[in-house]
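Take a look at the structure below.
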Amino acid sequence: MAGRRRYSDHRRPGGGPGWKFAGVLAACFLVTFLAVFFWRGDAPRAPIGSGPEPVEIADAPDRETLIRQRWPGTPARLEADQPAIGASGGASPGPAPSAGAEDTLQARFARCSGPVRETCVVDGDTFWYRGTKIRVADIDAPEIADPGCRREAQLGERATRRLTALLNQGAFSLERVGRDTDRFGRTLREVRRGGVSLGERLVAEGLAERWGGARIAWC
């Protein structure tokens, strides 16, 4: 009949190729989801509240290690109490002087480290005391920040430890001699105990040279 469509011209719901393709995609997605779900269920789970495993951070090498790396053959330990050699080649002098009535300053000193410095020793001729950076005015000690050779580095280490020990032995005084500060802004002071300069003590032990005196070839 005119205008009448045959039954075969009608498309059945779901019978087109687009629906079949969508069904295949849905089935694949479902299979993938179930596989991931059951796999995660079998995996061991960390207890609640547990974070990642701690990571050990190796300590930075100390100054002795850096010295040995720069100059192979350095002894394994630079002992602070090993016998000091005086400027004339003899043994170190006797014990340090006792504190006098004029010695009113005292603190516990350690090696300086980190950006914040309050009371600590930088090297053989520089230290911090209660937030003030003090440059020992009457001596010049071997360099440790930029030594010229292995021997200077070793002597600088010994001078640093020796100054630390001397400062910790008792009360002391800081005496102004000449200028108040140097060109770096450090306070210039002689460090004395019982009227005796601790800087001169380092000179006598061969761990420093007198400021303005004869220069010592550390290398």
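The table below lists the values:
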| quantity | calculated |
| --- | --- |
| Flag if Glu175 is at pLDDT 95 or above and either open to solvent by 40 Å² or more (accessible area, probe 1.4 Å) or in contact with a strand residue (DSSP E or B) (Cβ under 9 Å, 6 or more places away or on another chain) (or both) | yes |
| Leu155 being hydrophobic (A, V, I, L, M, F, W, C) and assigned to a strand (DSSP E or B) | no |
| Any hit, region 165-188, residues being of a type in the set (Ser, Thr, Tyr) and under 21 Å from the mean Cα position of the chain (by Cα) | no |
| Near pairs, Cβ below 7 angstrom, 6+ apart or cross-chain, from region 157-170 (open to solvent by 10 Å² or more (accessible area, probe 1.4 Å)) to any residue that is of a type in the set (Val, Ile, Thr) and outside any helix (DSSP H, G or I) | Thr164/Val121 |
| Given (1) of a type outside the set (Lys, Arg); (2) modelled with pLDDT of 95 or more; (3) open to solvent by 50 Å² or more (accessible area, probe 1.4 Å), index of the condition Pro115 fails | (2) |
| Residue that is surrounded by the most Cβ atoms within 10 Å (Cβ to Cβ), among those in region 141-152 that are of a type in the set (D, E, K, R) and either at pLDDT 95 or above or in a helix (DSSP H, G or I) (or both) | Glu152 |
| Residue, most open to solvent (accessible area, probe 1.4 Å), within region 178-219, restricted to residues that are assigned to a strand (DSSP E or B) and among the charged types (D, E, K, R) | Arg210 |
| Subset of region 118-137 that is surrounded by 14 or more Cβ atoms within 10 Å (Cβ to Cβ) and among the charged types (D, E, K, R) - its residue that is farthest from the chain's Cα centre (by Cα) | Arg135 |
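The values are calculated or read from the model by the stated rules, or taken from the named source; none is laboratory data. Everything numeric in this text was worked out from a predicted model, so none of it was measured. So basically every Cβ, Gly included, is an ideal-geometry build from the backbone, and we count neighbours across all protein chains shown. What goes into the accessible areas is simple: the full protein's heavy atoms, side chains included, and nothing from ligands, DNA or RNA. Shrake-Rupley method; radii C 1.70, N 1.55, O 1.52, S 1.80 Å.
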